[in-house]
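The structure appears right after this line, and notes come after that.
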Amino acid sequence: QDFKLKERLLAGQKLIITPDKKNQKRQRNTQAEKQILKFRRRIEITIGQLKDQFKLGQLRAKSLLGLVTRVMGIMLAITVGIYVNRLVGRPDLKIKELLL
């Protein structure tokens, strides 16, 4: 099923970058594609943190302005957390430990 979807997307001139599986006979991703996948993984981890630690899915804003304000506050908190971690030499995404 995944193979059919991939073939359809390729036929439509879409660029598809999928992680190589460990059991593949030959690795097909170029070095640039591996960098993109590494960047994608960091984005997915950050989104997961936003959803879990900052309850991003449960904001319950009553207006678009309220939603935007709350999301901006959360993004500011994440950015400050990453900055503080860099100042003290810790991994960027270890933000939860800053609150303890």
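Screening the candidates L59, L37, L67, L98 for the property of being open to solvent by less than 90 Å² (accessible area, probe 1.4 Å), of a type outside the set (G, A, S) and under 14 Å from the mean Cα position of the chain (by Cα) yields one hit, L37.
Annotation note: Cβ proximity below 6 Å between a residue of region 89-100 that is modelled with pLDDT of 85 or more and a residue that is assigned to a helix (DSSP H, G or I) and open to solvent by 70 Å² or more (accessible area, probe 1.4 Å) (sequence gap 6+ or interchain) occurs for no pair.
The values are calculated or read from the model by the stated rules, or taken from the named source; none is laboratory data. The model shown is predicted, which means the values in this text are computed figures rather than measured ones. Quick reminder, even Gly has a Cβ in these numbers, built from the backbone with ideal geometry, and neighbours come from all protein chains shown. When the accessible area is computed, the model is the full protein with side chains, heavy atoms only, and any ligands, DNA or RNA have been set aside. Shrake-Rupley method; radii C 1.70, N 1.55, O 1.52, S 1.80 Å.
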